[in-house]
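**Student:** What follows is a single structure, and I will ask about it in a moment.
The values are calculated or read from the model by the stated rules, or taken from the named source; none is laboratory data. What you see is a predicted model, and the numbers here were worked out from it, not measured in a lab. Here the Cβ positions follow ideal geometry from the backbone for every residue, glycine too, while neighbour counts run over all protein chains shown. The area values use the complete protein model at the heavy-atom level, side chains included, leaving out ligands, DNA and RNA. Shrake-Rupley method; radii C 1.70, N 1.55, O 1.52, S 1.80 Å.
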4 protein chains.
Amino acid sequence: MTKGRLEAFSDGVLAIIITIMVLELHVPEGHEWADLGDSATGFLTYALSFVYIGIYWNNHHHMFQLCEKITGPVLWANLHLLFWLSLYPFTTAWMDESDLARTPTLVYGLNLFAAAIAYTILQRLIIRGPGGAGLREAMGADVKGKLSPVLYVAGILLVFVSPVLGLVPFVAVAVMWMVPDRRIEAYLAEHEAQRS
Amino acid sequence: MTKGRLEAFSDGVLAIIITIMVLELHVPEGHEWADLGDSATGFLTYALSFVYIGIYWNNHHHMFQLCEKITGPVLWANLHLLFWLSLYPFTTAWMDESDLARTPTLVYGLNLFAAAIAYTILQRLIIRGPGGAGLREAMGADVKGKLSPVLYVAGILLVFVSPVLGLVPFVAVAVMWMVPDRRIEAYLAEHEAQRS
Amino acid sequence: MTKGRLEAFSDGVLAIIITIMVLELHVPEGHEWADLGDSATGFLTYALSFVYIGIYWNNHHHMFQLCEKITGPVLWANLHLLFWLSLYPFTTAWMDESDLARTPTLVYGLNLFAAAIAYTILQRLIIRGPGGAGLREAMGADVKGKLSPVLYVAGILLVFVSPVLGLVPFVAVAVMWMVPDRRIEAYLAEHEAQRS
Amino acid sequence: MTKGRLEAFSDGVLAIIITIMVLELHVPEGHEWADLGDSATGFLTYALSFVYIGIYWNNHHHMFQLCEKITGPVLWANLHLLFWLSLYPFTTAWMDESDLARTPTLVYGLNLFAAAIAYTILQRLIIRGPGGAGLREAMGADVKGKLSPVLYVAGILLVFVSPVLGLVPFVAVAVMWMVPDRRIEAYLAEHEAQRS
């Protein structure tokens with residue numbers, strides 16, 4: 001039950017984050033294609049942030065399928081993750097409005113990085129807790145999980161060369177995670193097979 | 001369980017989209033009926049978009065009753081649909097504020113069309129997946145589903161003649177879907193009858 | 001299951017309406033009590049609309065406990081109710097910003113009235129549907145339900161005398177419904193007693 | 001069932017409150033670190049309000065695990081609590097934009113205090129209701145619950161000396177509650193052990 005309510009609350013927060021980002025897309029003042037073109041950066045980064053939240057929702061959901069008990073630290077680590085994710089609309093909007101200026105793009109990258117670290121902390125706490133052995137086993141080498149923060153740091157450093165260049169590793173992380181991750185599904189299927 | 005959480009997340013996103021559109025309705029500066037009259041276009045298109053989201057929620061709900069397993073592609077096709085739907089408040093607001101100027105009305109139509117295509121993709125993926133035979137059988141000839149994109153394209157073309165004229169097929173799609181669709185309910189009732 | 005998802009969706013919409021109204025409360029520009037005083041009307045009418053949504057949520061919840069099957073008409077009558085409720089933030093904000101000018105207060109009253117009518121339609125459709133006999137029996141004479149639209153009309157007429165006076169019957173409706181309504185609870189308790 | 005829907009509705013409202021606060025964080029007009037620095041107060045108080053809502057969600061969840069029946073008064077006491085919490089985005093934003101001026105910080109403190117009182121009322125109503133003995137037993141001396149309003153009053157008084165000083169007890173309350181409270185968990189674990 002506790003788990004169900006934590007999942008429902010997290011789903012609610014993620015659903016709101018993913019939807020209110022559109023409120024930061026300013027309606028163009030003119031009525032021509034050119035006016036919409038000014039919003040084009042906004043549209044692309046909105047799509048990027050949308051995909052990120054979709055990925056977090058997907059991974060969050062899979063991870064908690066293998067979490068047996070919500071302890072206090074897990075609950076707060078989850079809120080910590082939601083905190084960084086709830087800043088996405090703010091940092092996305094600042095980057096958009098600046099037309100990919102250096103500092104706002106850097107701040108966006110730092111926001112992505114902070115969320116990735118928060119996710120790693122949450123994952124480690126669940127692995128250490130009751131029933132965590134299953135999650136560790138399912139995670140395996142966790143290449144994607146380890147690669148993501150590295151790519152974020154690479155993007156952050158590249159922003160100093162050129163903000164657009166910095167976006168490349170950020171997009172790479174999103175693409176990498178959209179390729180379906182069958183580890184947990186495979187783990188569950190295998191264990192179900194063993195039982196029967 | 002996976003299905004329950006996907007439905008809950010989708011419901012959350014749809015509930016937020018349908019509600020935040022009202023935030024795009026600007027409070028009139030004056031305090032007379034005439035001032036409210038300036039918001040009248042906004043009110044009507046707000047109602048139209050409200051009905052669209054209601055229809056998607058309704059159809060989404062029926063479709064997933066016949067979906068047995070959430071695969072990775074289904075999950076991403078669902079997020080893809082939610083992405084286009086989450087742009088409704090933005091495109092509705094632009095069309096409103098332009099008093100039905102050509103380009104914004106065209107963009108609104110393209111948004112409606114993109115969502116319809118995204119829905120079709122989602123439906124096909126569910127039909128191809130485990131348990132999809134039931135959905136295909138329930139869908140039958142799927143006249144409405146095939147007619148909707150055609151009507152959207154007709155509306156998009158008519159916008160070049162006159163934006164108001166282009167809205168006619170858009171409204172027609174909404175009316176067509178509001179007429180209750182008993183296919184899935186009939187299918188479920190029949191199969192339940194067969195079992196007992 | 002259908003009922004569960006309709007309730008969850010309605011809860012989501014009501015939760016969002018009740019919460020986003022605060023976004024219409026403009027943060028005062030000055031930093032003194034007097035500046036907050038300018039928002040005082042906003043605060044009171046915000047509280048009033050908050051109570052209304054709370055009442056609708058409460059009554060909605062009780063009513064659907066006695067609804068056995070969600071038919072197409074019930075689904076659309078429910079969305080129709082949510083449509084009028086979703087306009088509360090807009091009409092509340094207009095009334096607030098006009099400092100209770102005549103037309104905005106009138107429009108607020110019409111919004112309240114439209115929602116009451118939508119609720120009555122929904123209730124009648126549920127009573128006519130499968131299992132509706134229980135709801136009709138539980139409703140009894142339904143004095144409150146019949147009195148509410150009358151009071152709203154009285155308030156709308158009084159607005160022509162004085163907008164502040166028109167608010168009196170609106171507040172009376174809220175107070176009347178906050179007094180707990182034990183009819184459905186009593187009906188359920190009685191029937192449960194009969195079974196055992 | 002009634003309890004499930006009250007929890008779901010409360011979760012929805014809390015999820016929205018915690019997320020829309022970010023909408024009050026104004027995107028800086030400039031594109032430098034210094035421009036973000038102007039938002040720094042906003043960032044810190046946003047984090048503080050985020051933690052408060054997280055604490056309320058956590059405590060709310062634990063408390064209702066021991067609530068057996070939702071009576072009318074409990075339902076309204078719950079809405080009363082949500083009302084004060086829904087004002088957090090407003091009072092947080094005012095305090096932020098004033099750069100911690102006296103009156104806005106005072107109003108923020110009064111908002112925190114009102115929510116704490118609303119929570120105490122809700123707790124007492126649950127304790128008095130059916131099954132409330134378990135909650136009273138689990139609460140024990142309830143040192144934290146009694147200390148919180150005292151600290152809020154201390155903060156409110158300190159604001160008259162210096163607004164920044166007033167924030168110290170407010171932060172202290174948040175820290176105090178973040179330290180995990182095992183009373184209800186311990187109570188449940190013990191009683192489960194007794195049964196088996």
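**Student:** Using +1 on the beta carbon of Lys and Arg, -1 on that of Asp and Glu, and nothing else charged, what's the dipole of region A:59-131 about the Cα centre, debye to 20?
**Tutor:** Rounded to the nearest 20 debye, it is 400 debye.
**Student:** What is the calculated FRET efficiency for B:Thr2 to D:Ala47, with r their C-beta to C-beta distance and R₀ = 56 Å, to the nearest 0.05?
**Tutor:** 0.95
**Student:** Something else about it: Amide H to amide H, which residues 5 or more places from D:Cys67 or on other chains are under 5 Å from it, using H placed in the peptide plane?
**Tutor:** none
**Student:** Next question. Give the separation of the Cα centroids, region B:106-170 to region C:43-104, in Å.
**Tutor:** 31
**Student:** Taking the label point 7 Å from Cα in the Cβ direction, how far apart in nm is B:His26 from each other copy of itself, listed shortest first?
**Tutor:** Ordered by distance, the counterparts are at 1.3, 1.3, 1.9 nm.
**Student:** Using unit Cβ charges (K, R positive; D, E negative) and no other charged atoms, how large, in debye to the nearest 20, is the dipole of chain C about its Cα centre?
**Tutor:** Computed charge dipole of chain C: roughly 1100 debye.
**Student:** Any idea what Rg and Dmax come out to for the protein assembly as shown if you just take the C-alpha atoms, in Å?
**Tutor:** 26.2, 78
**Student:** Note the full-extension length gain between A:Ala40 and A:Val153 as 0.36 nm times their separation in residues minus their Cα-Cα distance, in nm to one decimal.
**Tutor:** Answer, rounded to one decimal: 38.1 nm.
**Student:** Please compute the contact order of region D:74-196 in relative form: average sequence separation of alpha-carbon pairs under 8 Å and at least six residues apart, divided by the residue count, as a percent.
**Tutor:** Relative CO of region D:74-196 lands at 24 percent.
**Student:** State, to one decimal in nm and shortest first, how far the label point of A:Arg136 sits from each corresponding label point in the other identical copies (label point: 7 angstrom along Cα-to-Cβ).
**Tutor:** From this label point to the equivalent ones elsewhere in the assembly: 4.6, 4.6, 6.5 nm.
**Student:** While we're on this one: May I ask you to report, in nm to one decimal and beginning with the shortest, the distances from C:Arg124 to the same position in the other copies, taking label points 7 Å along Cα-to-Cβ?
**Tutor:** 4.5, 4.5, 6.4
**Student:** Give the accessible area for C:Val143 in Å² (nearest 10); use a 1.4 Å probe, count only protein heavy atoms, and leave out ligands, DNA and RNA.
**Tutor:** Answer for C:Val143: close to 100 Å² accessible.
**Student:** Something else: What FRET efficiency comes out for the pair A:Glu68/A:Ala189, r = Cβ-Cβ distance, R0 = 25 Å, nearest 0.05?
**Tutor:** 0.85
**Student:** Another question, then. Of D:Leu44, C:Trp76, A:Leu158, which is farthest on the positive side of the dipole of the protein assembly as shown, counting Cα position, with +1 on Lys and Arg Cβ, -1 on Asp and Glu Cβ, and the Cα centre as origin?
**Tutor:** So the residue furthest toward the plus end is C:Trp76.
**Student:** Leaving out ligands, DNA and RNA, calculate the buried accessible area for the pair A and B with a 1.4 Å probe, summed over both sides, in Å² to the nearest 100.
**Tutor:** 3100
**Student:** Okay, next question. Go through A:Lys146/D:Lys144; B:Lys144/C:Lys146; B:Lys144/C:Lys3; A:Lys69/A:Lys146; D:Lys3/D:Lys146; D:Lys3/D:Lys144 and tell me which ones have a Cα-Cα distance over 31 Å in this structure.
**Tutor:** A:Lys146/D:Lys144; B:Lys144/C:Lys146
**Student:** Taking the Cβ of D:Arg5 as the center, what net charge do the other residues with Cβ under 12 Å away carry, scoring Lys and Arg +1 and Asp and Glu -1?
**Tutor:** -2
**Student:** For C:Leu167, what is the net charge nearby, where nearby means another residue's Cβ is under 13 Å from its Cβ and Lys, Arg count +1, Asp, Glu -1?
**Tutor:** Here the charged neighbours net out to -1.
**Student:** Given a 1.4 angstrom probe, I'd like the percentage of the accessible area of the protein assembly as shown that is carbon and sulfur, rounded to a whole number.
**Tutor:** 66
**Student:** Plugging the Kirkwood radius over Cα pairs into Stokes-Einstein for chain B, at a temperature of 25 °C and a viscosity of 0.890 mPa s, what D comes out in µm²/s?
**Tutor:** This corresponds to a translational diffusion coefficient of 137 µm²/s.
**Student:** Right, here's the next one. Per residue, how large is the accessible surface of the protein assembly as shown? Use a 1.4 angstrom probe and give square angstrom.
**Tutor:** 40
**Student:** What are the trypsin sites (Lys or Arg not before Pro) within region B:1-110 that DSSP puts in a loop, where the Cβ has at most 12 other Cβ atoms within 10 Å?
**Tutor:** Within region B:1-110, the qualifying trypsin sites (Lys or Arg not before Pro) (loop, at most 12 other Cβ atoms within 10 Å) are B:Lys69.
**Student:** Run the helix sum for the protein assembly as shown: -39,500 (n - 2.57) per DSSP H stretch of 4+ residues, divided by residue count, reported at 222 nm to the nearest 500 deg cm²/dmol.
**Tutor:** Roughly -26500 deg cm²/dmol at 222 nm, from the helical runs in the protein assembly as shown.
**Student:** Using a Förster radius of 51 Å, what is the FRET efficiency between C:Ser162 and D:Met178 based on their Cβ-Cβ separation? Nearest 0.05, please.
**Tutor:** 0.50
**Student:** Calculate one ³J(HN,Hα) per residue across region B:45-59 by plugging θ = phi - 60° into the Karplus curve 6.51 cos²θ - 1.76 cosθ + 1.60, and present them in order as whole Hz with x for glycine and proline.
**Tutor:** These are the phi-based 3J(HN,Hα) values: 6, 4, 4, 5, 5, 4, 5, 4, 4, x, 5, 4, 4, 4, 5 Hz.
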